[in-house]
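What follows draws every value from the coordinates through simple rules; no lab data is involved. Small disclaimer: the values here were computed from a predicted structure and weren't measured. Note: ideal-geometry Cβ built from the backbone for every residue, glycine included; neighbour counts use all protein chains shown.
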């Protein structure tokens, strides 16, 4: 499990992510600070989410290890949450997004936007 430098994650958030990470088929988890759009905590590997020509590596950055592509993935998640929130607000100004599920051929992302954080859990899609 890695935490971003400078970001502090409350113990209740860390405990929730640790519990979710232990579930079967969970490949990765992420906690984003919703206000600052920064990655607070990750667990698992995000390498398999992008098709690239070259290999992606983990990069040492001071005392933390950052996997290449995590920041880009976090930015895409934040954008997706903002877009979905805008859609919901356009439909009903008194409503909010509580949970987003995105299923692809390979993975399913469960995204829970909170007032302070965005929680992301990625797991394998079971075969049909």
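Values as computed for the structure displayed
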{"quantity": "Restricting segment 104-115 to residues that are touching a residue at least 40 places away in the same chain (Cβ under 8 Å) and over 14 Å from the mean Cα position of the chain (by Cα), the residue that is surrounded by the most Cβ atoms within 10 Å (Cβ to Cβ)", "calculated": "106"}
{"quantity": "Filtered residues of segment 78-103 (kept if loosely packed, with under 13 Cβ neighbours inside 10 Å and in a loop (DSSP other than H, G, I, E, B))", "calculated": "92, 93, 94, 95, 96, 98, 99"}
